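Colleague: The structure is given below, and queries will be raised subsequently.
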Amino acid sequence: MKQFHVGTLLFLFALAAVRVRADDVETLLRTEMQKHHVAGVACLILKNDKPVTTFYAGIANEEWQTPVDADTVFEIGSVSKQFAAASILLLAEDGKLSVDDNISKYLTNTPPSWANIKIRHLLSHTSGIRNYDGLDGFELRQHLTQAQFIHKLAEQPLTFQPGEGWAYSNSGYNLLGYIVENVSGKNYWDFLRERIFTPLAMTSTSHRESWLVIPHRAAGYVYTNAAYLNRDYDLTDLFAAGSIVSTAPDLAKWDAALLHNQLLKESSRQLWWTPAKLNNGQPVECGRHGGSGSYGFAWFLNTVSGHPNIGHSGITSGFSAANEMFPDDHLTIIILANTDEGVFAGNLANKVAAQLFSEPKAK
């Protein structure tokens, strides 16, 4: 009889458990899609960088009845913030800036109230700069220049002094995009393509501009009165805060590069996955998925079923996204959907993780 090492047997048992859970996960995904009337979903779950679940279901474009597949390009909303933060850290590694520099060093005509705001405050949502999302005058159709954006934002008073509190702010991440442009001397999207997208072979990742021809782009939908409607195209201009479009396989490349230090140095990785601290020395506290947690640089830091979780969800009109990693478990969950229920992907990723961490059901 062939002899097996204990380690080999444990691996086989673990693999069998993963497969059992994967079947349950697909049932969960289909059930949630139907329950929430989601047009289409792409879900990729990886264990040790290897796919254990590849789930593509529903419709990418209702008008053409195009099915969702691995090539379907979705808006990823605030998952985009991870790329803005990485760009800043790349420039820091280049010696061109420090996260402890005042933002006024790299932005022109900033108001006196921003004098003590540092780059790290923008990265961690502790700047006190008001979130422009929802304010009049910041719509995509305005095509604001950097100078115009700063001028309009400067009219808003700080919600708290820098480092004294935490409040989610798309404004800060747009400002980070401008800092990347001003320091690098490149258009923000050119910088991302040259330093991140191309090196990582993220060939389907770009920005969502309506004039750009993007193969396999999914349409965003609102479900109302038992019918799918095209989203309202009077959109907020999200820029570096949330304008990236991507696929599940491309985001898997992104996550793998981060986990294995293929893009950033270990020191940078530790920096952005460490809870930000307020002026009083206490770590930032911000709830997520109904629980508690903290925030680093463009990553929420919390636990799911007792397992450390590093991730971020994203919402844009007609789209929902989640990019979640569980480093101790070598597990990655990516969910992209074209639905107006913005928290759908984030909540679903949480449910998927909880199910994967539960005991497998007997078959």
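The values are calculated or read from the model by the stated rules, or taken from the named source; none is laboratory data. Since we're looking at a predicted model, the values are computed, not measured. Glycine also receives a Cβ, built like all others from the backbone with ideal geometry; neighbour counts cover every protein chain displayed.
Colleague: Do we find that Phe297 is touching a residue at least 12 places away in the same chain (Cβ under 8 Å), farther than 15 Å from Phe74 by Cβ and among the aromatic types (Phe, Trp, Tyr) in this structure?
Modeller: Yes, satisfied.
Colleague: Still on this structure, please answer the following. Do you know which residues across segment 171-225 are under 24 Å from Phe344 (Cβ atoms), of a type in the set (Ser, Thr, Tyr) and modelled with pLDDT of 95 or more?
Modeller: Within segment 171-225, Tyr173, Ser204, Thr205, Ser206, Tyr221 meet the criteria.
Colleague: Looking at segment 38-50, which of its residues are surrounded by fewer than 16 Cβ atoms within 10 Å (Cβ to Cβ) and either in contact (Cβ under 8 Å) with a residue 40 or more places away in the chain or under 22 Å from Arg217 (Cα atoms) (or both)?
Modeller: Hits for segment 38-50 are Asn48, Asp49.
Colleague: Go through (1) touching a Phe, Trp or Tyr at 6+ places or on another chain (Cβ under 8 Å); (2) aromatic (Phe, Trp, Tyr); (3) free of Cβ contacts under 8 Å to residues at least 40 places away in the same chain one by one and return the number of the condition Tyr228 breaks.
Modeller: Condition not satisfied by Tyr228: (3).
Colleague: Any idea which of (1) surrounded by fewer than 15 Cβ atoms within 10 Å (Cβ to Cβ); (2) more than 20 Å from the chain's Cα centre (by Cα); (3) free of Cβ contacts under 8 Å to residues at least 12 places away in the same chain is the one Pro215 doesn't satisfy?
Modeller: (3)
Colleague: Also, quick follow-up: Those residues that are surrounded by fewer than 19 Cβ atoms within 10 Å (Cβ to Cβ) and within 17 Å of the chain's Cα centre (by Cα), I need them from segment 168-192; list them, please.
Modeller: Listed by number, the list holds a single entry, Tyr168.
Colleague: Being touching a residue at least 40 places away in the same chain (Cβ under 8 Å), under 24 Å from Gly296 (Cα atoms), more than 19 Å from the chain's Cα centre (by Cα) and surrounded by 17 or more Cβ atoms within 10 Å (Cβ to Cβ) narrows it down to one residue among Lys118, Lys96; which is it?
Modeller: Lys118
Colleague: With the requirement that a residue be within 12 Å of Asn174 (Cα to Cα), of a type outside the set (A, V, I, L, M, F, W, C) and surrounded by 14 or more Cβ atoms within 10 Å (Cβ to Cβ), what does segment 142-158 give you?
Modeller: Once the filter is applied, which keeps residues that are within 12 Å of Asn174 (Cα to Cα), of a type outside the set (A, V, I, L, M, F, W, C) and surrounded by 14 or more Cβ atoms within 10 Å (Cβ to Cβ), segment 142-158 yields only Gln146.
Colleague: Restricting attention to segment 127-141, which residues are under 22 Å from Asn182 (Cα atoms) and out of contact with any helix residue (DSSP H, G or I) (no Cβ under 8 Å at 6 or more places or on another chain)?
Modeller: If the condition is that a residue be under 22 Å from Asn182 (Cα atoms) and out of contact with any helix residue (DSSP H, G or I) (no Cβ under 8 Å at 6 or more places or on another chain), then Leu140 is the only one that fits.
Colleague: Something else: Residue under question is Gly281, and the condition is that it be small (Gly, Ala, Ser), surrounded by fewer than 17 Cβ atoms within 10 Å (Cβ to Cβ), free of Cβ contacts under 8 Å to residues at least 60 places away in the same chain and in contact with a Gly (Cβ under 8 Å, 6 or more places away or on another chain); does it hold?
Modeller: So Gly281 does not fit the description; no.
Colleague: Please verify whether Asn309 is more than 14 Å from the chain's Cα centre (by Cα) and surrounded by 18 or more Cβ atoms within 10 Å (Cβ to Cβ), treating the condition exactly as stated.
Modeller: Spelling it out, it is not the case that Asn309 is more than 14 Å from the chain's Cα centre (by Cα) and surrounded by 18 or more Cβ atoms within 10 Å (Cβ to Cβ).
Colleague: Here's something else I'd like to know. Consider His125 carefully, then state whether it is on the phi > 0 side of the Ramachandran plot, surrounded by fewer than 23 Cβ atoms within 10 Å (Cβ to Cβ) and modelled with pLDDT of 95 or more.
Modeller: So His125 fails the test.
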